[in-house]
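Asker: This is the structure, below, for whatever I ask next.
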Amino acid sequence: DPIGQFVSTEDGILLNNYLCDNSSLKIKLAEYGKYEIQVSAQHDAGNLGSAAMIIRVLDMQAPTLTLSKDIPQTAKVGEKIQLPVAKVEDNLSKECTVKLYVFNSSGHVLKIGENDSGFIAKSAGIYTVVYYVLDEAGNFSSLRFTITVQ
């Protein structure tokens, strides 16, 4: 298994120097990571053969983002626009950091700091707010909203 231990079949047979009788063996791939399978066989005449295989169990599930409240749809120039806190859930990663970006109407990007909960709209136009999160396996999720500033 990925941490170097021998695995067992679904029936509980430990696969460490197991003598197989040509029947199928089923294992449960219970951990993410790399499994190395090595098999050797000997014919009654003494001929020996071996094979090796690697199975990688990958995390393909993106984290989910949910917001603590709705994003405001409109705001006024000069006003601080409060953005809701994002909550992240992931099937594997324990800590995922949410990045928060705001694109103003002229295309400039304002990165919102980790301890900030909003931004001041300095000019009228359409602002795009993007929440982005990446897990340890490289899967990502994002949420995108627009705010009209008058």
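Values quoted throughout were computed directly from the atomic coordinates according to the rules given, and no laboratory measurement underlies them. Owing to the predicted nature of the structure, the values given are computational and were not obtained by experimental measurement. Note that each Cβ is placed from the backbone with ideal geometry, even for glycine, and that neighbours are counted across all protein chains shown.
Asker: Tell me which trypsin sites (Lys or Arg not before Pro) from the stretch 88-150 have a DSSP coil assignment and no more than 16 other beta carbons within 10 Å of their own.
Answerer: Lys94, Lys122
Asker: Just to verify a number: FRET efficiency for Lys34 and Asp11, C-beta to C-beta distance, R0 = 25 Å, to 0.05? Show your work: numbers first, answer last.
Answerer: Working: r = 24 Å, r/R0 = 0.95.
So the FRET efficiency works out to roughly 0.60.
Asker: Suppose every Lys and Arg Cβ carries +1 and every Asp and Glu Cβ carries -1, with no other charges. What dipole size does the chain come out with about its Cα centre, to the nearest 20 debye? Could the numbers behind the result be given before it?
Answerer: Values: 13 positive and 17 negative charges, 214 e Å.
For the chain, the charge dipole is close to 1020 debye.
Asker: Now for a separate question. Students often forget the sequence filter, so: which aspartates and glutamates lie under 17 Å Cα-Cα from Lys34 once same-chain residues fewer than 8 apart are removed?
Answerer: Cross-link targets: Asp1, Asp59, Glu136.
Asker: Between Val77 and Asp116, take the C-beta separation as r, use R0 = 22 Å, and let me know the FRET efficiency to the nearest 0.05. List each step's numbers first, then the result.
Answerer: Details: r = 19 Å, r/R0 = 0.87.
After rounding, the FRET efficiency stands at 0.70.
Asker: Between the stretch 1-39 and the stretch 68-116, what is the C-alpha centre distance in whole Å?
Answerer: Comparing the Cα centres of the stretch 1-39 and the stretch 68-116, I get a distance of 46 Å.
Asker: With a point put 7 Å past each Cα toward its Cβ, work out how far Thr128 is from Lys26 in nm, to one decimal.
Answerer: 4.8 nm
Asker: Rg(Cα) of the chain divided by 2.2 N^0.38 Å? Could you put the intermediate results ahead of the total?
Answerer: Values: Rg = 26.3 Å, N = 150, 2.2 N^0.38 = 14.8 Å.
Ratio of Cα Rg to 2.2 N^0.38 Å: 1.78.
Asker: Measure off 7 Å from each Cα along the Cα-to-Cβ vector at Leu19 and His43, then give the distance between these two points in nanometres to one decimal.
Answerer: It works out to 2.1 nm between the two label points.
Asker: Still on this model: Using a Förster radius of 25 Å, what is the FRET efficiency between Ile54 and Glu89 based on their Cβ-Cβ separation? Nearest 0.05, please. Let's see the in-between values first.
Answerer: Numbers: r = 30 Å, r/R0 = 1.21.
FRET efficiency, Ile54 to Glu89: 0.25.
Asker: With the contact rule set at Cα under 8 Å and sequence spacing of 6 or more, what percent relative contact order holds for the chain?
Answerer: Numbers: 276 pairs, mean separation 29.8, N = 150.
The value is 20 percent.
Asker: Further question on the same structure: With Cβ to Cβ distances under 12 Å as the rule, what net charge do the other residues near Ser24 carry (K, R +1; D, E -1)? Before the final figure, lay out each step's value.
Answerer: Working: positive: Lys26; negative: Glu10, Asp11, Asp21.
Here the charged neighbours net out to -2.
Asker: Also, I was wondering about something else. Please go through the residue pairs Lys69/Lys122; Lys28/Lys99; Lys69/Lys99; Lys28/Lys87 and name each one whose alpha carbons sit more than 28 Å apart in this structure.
Answerer: Details: Lys69/Lys122 24 Å; Lys28/Lys99 36 Å; Lys69/Lys99 17 Å; Lys28/Lys87 31 Å.
Check vs 28 Å cut-off fails for Lys28/Lys99; Lys28/Lys87.
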